[in-house]
1. Going by what's in this entry, would Gln207 be described as open to solvent by 60 Å² or more (accessible area, probe 1.4 Å) and either part of a helix (DSSP H, G or I) or out of contact with any His (no Cβ under 7 Å at 6 or more places or on another chain) (or both)?
2. Considering only residues of the range 167-193 that are without any contact (Cβ under 8 Å) to a residue 12 or more places away in the chain and closer than 18 Å to Leu92 by Cα, which is surrounded by the fewest Cβ atoms within 10 Å (Cβ to Cβ)?
3. Considering only the range 364-378, how many residues are surrounded by fewer than 16 Cβ atoms within 10 Å (Cβ to Cβ) and in contact with a Cys (Cβ under 9 Å, 6 or more places away or on another chain)?
4. Does Ser116 satisfy the criteria of being surrounded by 13 or more Cβ atoms within 10 Å (Cβ to Cβ), within 35 Å of the chain's Cα centre (by Cα), within 23 Å of Phe230 (Cα to Cα) and modelled with pLDDT under 95?
5. Taking the range 270-292, which residues are of a type in the set (A, V, I, L, M, F, W, C) and either in contact with a Lys or Arg (Cβ under 7 Å, 6 or more places away or on another chain) or in the same structural domain as Asp360 (by the TED database) (or both)?
6. Test Thr196 against the criterion of being touching a residue at least 60 places away in the same chain (Cβ under 8 Å), assigned by the TED database to the domain that holds Lys254 and over 30 Å from Asn75 (Cβ atoms), and give yes or no.
7. For the range 440-469, which residues satisfy the criterion of being aliphatic (A, V, I, L, M) and open to solvent by less than 30 Å² (accessible area, probe 1.4 Å)?
8. Within the range 470-492, can you find the residues that are open to solvent by 30 Å² or more (accessible area, probe 1.4 Å) and under 18 Å from Lys317 (Cα atoms)?
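The values are calculated or read from the model by the stated rules, or taken from the named source; none is laboratory data. On a predicted model such as this, the values are computed, not experimentally measured, just so you know. Here Cβ is always computed from backbone atoms with ideal geometry, including for glycine, and neighbour counts include all displayed protein chains. Heads up: the accessible areas ignore ligands, DNA and RNA and are worked out on the full protein's heavy atoms, side chains in. Shrake-Rupley method; radii C 1.70, N 1.55, O 1.52, S 1.80 Å.
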Amino acid sequence: PLRPVVLPLGLLYQEYRDKSTRQEIETRRLQDSQTDPEESSPSEETPTEVEPTSTPENKGPPQISLLRNSNSRFNLWQDLPEIRSSGVLSILQPDEIKLQEAMFELVTSEASYYKSLNLLVSHFMENERLKKILHQSEAHILFSNVLDVMAVSERFLLDLEQRVEENIVISDVCDIVYQHTVNHFSVYITYVSNQTYQERTYKQLLQDKPAFREVISQLELDPKCKGLSFSSFLILPFQRITRLKLLVQNILKKVEEKSDRESTALDAHKELETVVKACNEGVRKMSRTEQMISIQKKLEFKIKSVPIISHSRWLLKQGELQQMNGPKTSRTLRTKKLFREIYLFLFNDLLVICRQIPGDKYQVFDSAPRGLLRVEELEDQGQSLANVFILRLLENADDREASYMLKASSQSEMKRWMISLAPNRRTKFVSFTSRLVDCPQIQCVHPYLAQEPDELSLELADVLNILDKTDDGWIFGERLHDQERGWFPSSMGEEILNPKIRAQNLKECFRVHKSDDSQRRKLGSRNRQ
């Protein structure tokens with residue numbers, strides 16, 4: 001029988017995931033630089049041996065030569081001795097071999113993930129010295145329901161391994177993914193929703209308890225941890241559940257259209273997407289509620305007071321802009337007090353306009369429902385009017401129409417405000433949900449952590465449509481695998497220049513989401529804005 005999966009896998013999940021995403025980046029770079037795209041197969045994402053020397057003159061940064069040393073090799077399905085000796089490789093179609101690799105990667109990566117979880121529990125959570133230092137409630141917040149998560153992973157892995165052992169050629173894995181997602185994966189939502197408190201408790205403990213800091217540092221130095229930090233273990237479940245969805249997408253791109261395997265993959269994908277969405281919502285809900293309470297405390301109303309806190313309201317953007325005074329004549333441009341600072345709080349359904357007053361407070365002097373805002377850019381008005389836009393409130397706090405001429409500190413800040421204030425304005429490039437045939441695309445080569453609510457956190461190898469970009473280095477993008485939108489620095493990615501690869505990426509994206517009701521998708525991207 002085949003016992004290929006757990007045993008030869010020396011990699012912890014953090015290393016495995018890093019390698020596999022960098023591999024994906026490399027494969028895409030290679031295809032993108034091929035002059036004749038006909039020769040490449042753009043859907044190829046399974047880890048293959050890439051010889052760094054085989055790339056033509058490269059426009060991008062130097063190649064990541066991951067695969068030079070032999071021990072960093074992945075376990076490929078086709079490299080298993082049992083597969084090699086069975087002669088099955090000469091019988092199967094190339095597409096079927098790619099599909100086998102995609103299914104096999106789901107299994108090996110789960111084994112690697114389980115190994116890392118196991119280390120988190122046995123090495124950190126069950127450490128006697130750590131147990132003595134931590135109060136029971138602190139340990140509970142820090143490790144949450146990780147034991148449940150590990151038990152779920154173990155059961156999942158056993159079923160997957162059993163399937164791999166049944167037959168030399170894997171029949172399917174998505175039916176197993178579907179069953180486990182529906183019946184067991186809710187433990188992920190619990191774990192991930194606790195993340196805000198987990199991070200805060202960890203920071204607090206490092207600050208307040210030198211003994212805790214010392215034990216963690218010592219445990220991290222153990223060779224078992226391969227130089228990885230304690231926090232990289234804590235975040236594993238969130239990373240895994242998102243990655244699992246992408247691994248199923250990868251299978252979905254390779255199964256035959258209209259086949260049984262396609263429908264089980266679509267079902268599994270849909271269920272995973274529901275769990276991932278609930279995880280994201282869980283994280284947001286916790287931090288949003290606290291944020292709204294702290295904003296409410298800072299606001300003083302000069303106009304009729306508006307209750308700020310509501311369970312369906314959250315902050316989209318806040319910040320200072322310059323308001324231009326006086327009539328728009330050339331004379332006033334020469335006067336000193338041309339601008340005065342104003343401060344905006346933009347929520348998903350409401351805009352509040354304030355002036356900052358001493359004591360970290362804000363005095364509210366106008367407001368409007370978000371649906372009744374309009375923005376327009378001032379075209380080519382010379383230096384003094386650079387980055388100026390007009391904000392119209394169709395119905396302000398006095399039930400009248402009001403206009404504000406606002407100046408931002410940079411082009412990106414102006415565009416970010418305009419897109420946040422009026423999300424249904426056309427962007428420079430059309431969103432892929434409108435099924436535009438070609439649109440600039442970028443692949444993420446450096447992970448990015450969002451700093452503001454209108455930014456998008458990026459993972460390595462994410463592919464995004466570029467909806468807008470600024471001269472000062474920011475991109476407004478829509479990620480293909482989940483249609484999330486947001487801003488990020490353009491230095492985080494490399495544009496995909498080959499139109500055939502871009503078309504392939506879009507085609508795969510439509511295929512993955514074809515079970516969605518397209519109307520719901522359009523609505524979804526509106527609501528997120």
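1. Against the criterion (open to solvent by 60 Å² or more (accessible area, probe 1.4 Å) and either part of a helix (DSSP H, G or I) or out of contact with any His (no Cβ under 7 Å at 6 or more places or on another chain) (or both)), Gln207 qualifies.
2. Restricting to residues being without any contact (Cβ under 8 Å) to a residue 12 or more places away in the chain and closer than 18 Å to Leu92 by Cα, the top hit is Asn167.
3. So the answer is 1.
4. For Ser116, the condition - surrounded by 13 or more Cβ atoms within 10 Å (Cβ to Cβ), within 35 Å of the chain's Cα centre (by Cα), within 23 Å of Phe230 (Cα to Cα) and modelled with pLDDT under 95 - is not met.
5. Within the range 270-292, Leu272, Val276, Met292 meet the criteria.
6. yes
7. Matches in the range 440-469: Ile442, Val445, Leu456, Leu458, Leu460, Ala461, Val463, Leu464, Ile466, Leu467.
8. Within the range 470-492, Trp474, Glu484, Arg485 meet the criteria.
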